[in-house]
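The values are calculated or read from the model by the stated rules, or taken from the named source; none is laboratory data. Quick caveat: nothing in here was measured; it's all calculated off a predicted structure. FYI the Cβ positions are ideal-geometry reconstructions off the backbone, even for glycines, and counts take in every protein chain you see.
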Amino acid sequence: MIALQDMLGTSAPQSVRKLAHRLGLNKHTVWRWRMLVFSIIESGSIPSFSGIVEADETYQRESRKGSREWVRHLADPQNVAQPPRPRLCDFTTKGMKMMRGLSKWQLPILIVADRGGARLFQRLPDRKRLTLERAMQPLVPGDAVLCSDGANGYASLARKGGIEHFVVGSKPGTRVAAGCYHIQSVNSLHARYNRFIRPFCGPATKYLNGYIRWLEVRLAGLGPAEIIQAS
């Protein structure tokens, strides 16, 4: 119950190591509890959006934390192919240059919100126009007003669906269109996501959907009682 309270309470959740130390338990025990909660909350309903719908993406650096792919490759390089991504230590010991800005190692997370309070976090497999367009298509009704940045996926969706579309920028003077069309609600959710995920020091990508859903549950105000009932 204490682990659930830590995950779903009003205070910021702790990392597995810190919570295990606090409870006097093995970190693997606390980790298994967290994975159990992830399995309970993994399937959430898709909200209905209406009115002014804001959309934008944030990014999470890809992480292979816990993976043994490099260990297997170094132990048997003849039969195990070299992993596609260099080890983090290679950027310091071998003088490799870290990629700046967006790259294939930056995973897009689509965030959609409307002025009525509906919101959705969804991890996308890539940054391609068609991927973004397909993800947005079932979310934005034809009578809504879409607010976004200038990404091609949003423009293509609006054009094909006949959706009124306002494009806003990131520079002063371009962040609000026609006095009320902006993506500040989504930008606020970006900040909340960053604050939430920071203490976990880059969770492994294979568990990222669980962390995203965890944040959604916290924002929805679901407590331990609701999660226990759902299980």
TODO: Tally the residues that are in contact with a Gly (Cβ under 8 Å, 6 or more places away or on another chain) and not in a helix (DSSP H, G or I), restricting the search to the stretch 38-48.
DONE: 1
- [ ] Determine whether Ile197 is among the β-branched types (Val, Ile, Thr), modelled with pLDDT of 90 or more, closer than 20 Å to Ser48 by Cα and within 18 Å of the chain's Cα centre (by Cα).
- [x] no
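Please state which one of Met35, Met7 is part of a helix (DSSP H, G or I), within 19 Å of Glu216 (Cβ to Cβ), of a type in the set (A, V, I, L, M) and at pLDDT 90 or above.
Working: Met7 fails: at pLDDT 90 or above.
Exactly one residue qualifies, and that residue is Met35.
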- [ ] Please identify the pairs in which a residue from the stretch 5-28 that is surrounded by 14 or more Cβ atoms within 10 Å (Cβ to Cβ) and of a type outside the set (Ser, Thr, Tyr) has its Cβ atom under 9 Å from the Cβ atom of a residue that is assigned to a loop (DSSP other than H, G, I, E, B) and at pLDDT 90 or above, counting only partners at least 6 apart or on another chain.
- [x] Leu19/Leu25; Ala20/Asn26
Task: Qualifying helices (runs of 4 or more DSSP H) (wholly inside the stretch 132-231; at least 2 residues being β-branched (Val, Ile, Thr)) - done: 184-197, 208-220, 224-230
TODO: Please state which one of Tyr181, Tyr154 is aromatic (Phe, Trp, Tyr) and in contact with a Phe, Trp or Tyr (Cβ under 8 Å, 6 or more places away or on another chain).
DONE: Tyr181
- [ ] Please find, within the stretch 40-69, the residue that is modelled with the highest pLDDT out of those that are more than 17 Å from the chain's Cα centre (by Cα) and farther than 30 Å from Val168 by Cα.
- [x] Ile40
TODO: Tell me, please, whether a residue that is touching a residue at least 60 places away in the same chain (Cβ under 8 Å) and farther than 26 Å from Ala3 by Cα can be found in the stretch 173-180.
DONE: yes
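Per-residue answers, yes or no, for (1) among the acidic types (Asp, Glu); (2) surrounded by fewer than 16 Cβ atoms within 10 Å (Cβ to Cβ); (3) under 21 Å from Pro47 (Cβ atoms); (4) at pLDDT below 95:
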residue	(1), (2), (3), (4)
Met99	no, yes, no, yes
Ile111	no, no, yes, no
Gly116	no, yes, yes, yes
Glu133	yes, no, yes, no
Gly150	no, yes, no, yes
Tyr154	no, no, yes, no
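Answer yes or no as to whether Leu222 is modelled with pLDDT under 90 and in contact with a helix residue (DSSP H, G or I) (Cβ under 7 Å, 6 or more places away or on another chain). Break it down into steps so the answer makes sense when it comes.
Numbers: modelled with pLDDT under 90: yes; in contact with a helix residue (DSSP H, G or I) (Cβ under 7 Å, 6 or more places away or on another chain): yes.
Answer is yes for this residue.
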- [ ] Please list, ordered by first then second residue, the pairs with beta carbon atoms under 8 Å, 6 or more apart or interchain, first in the stretch 138-150 and more than 14 Å from Asp114 (Cβ to Cβ), second of a type in the set (S, T, N, Q).
- [x] Asp149/Ser170
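Of the residues Arg87, Arg72, which is at pLDDT below 80, at negative phi, surrounded by 13 or more Cβ atoms within 10 Å (Cβ to Cβ) and not assigned by TED's automatic domain parsing to the domain that holds Arg218? Before you say what the answer is, go through the steps one by one.
On the way: Arg72 fails: at pLDDT below 80.
Being at pLDDT below 80, at negative phi, surrounded by 13 or more Cβ atoms within 10 Å (Cβ to Cβ) and not assigned by TED's automatic domain parsing to the domain that holds Arg218 holds for just one of Arg87, Arg72, which is Arg87.
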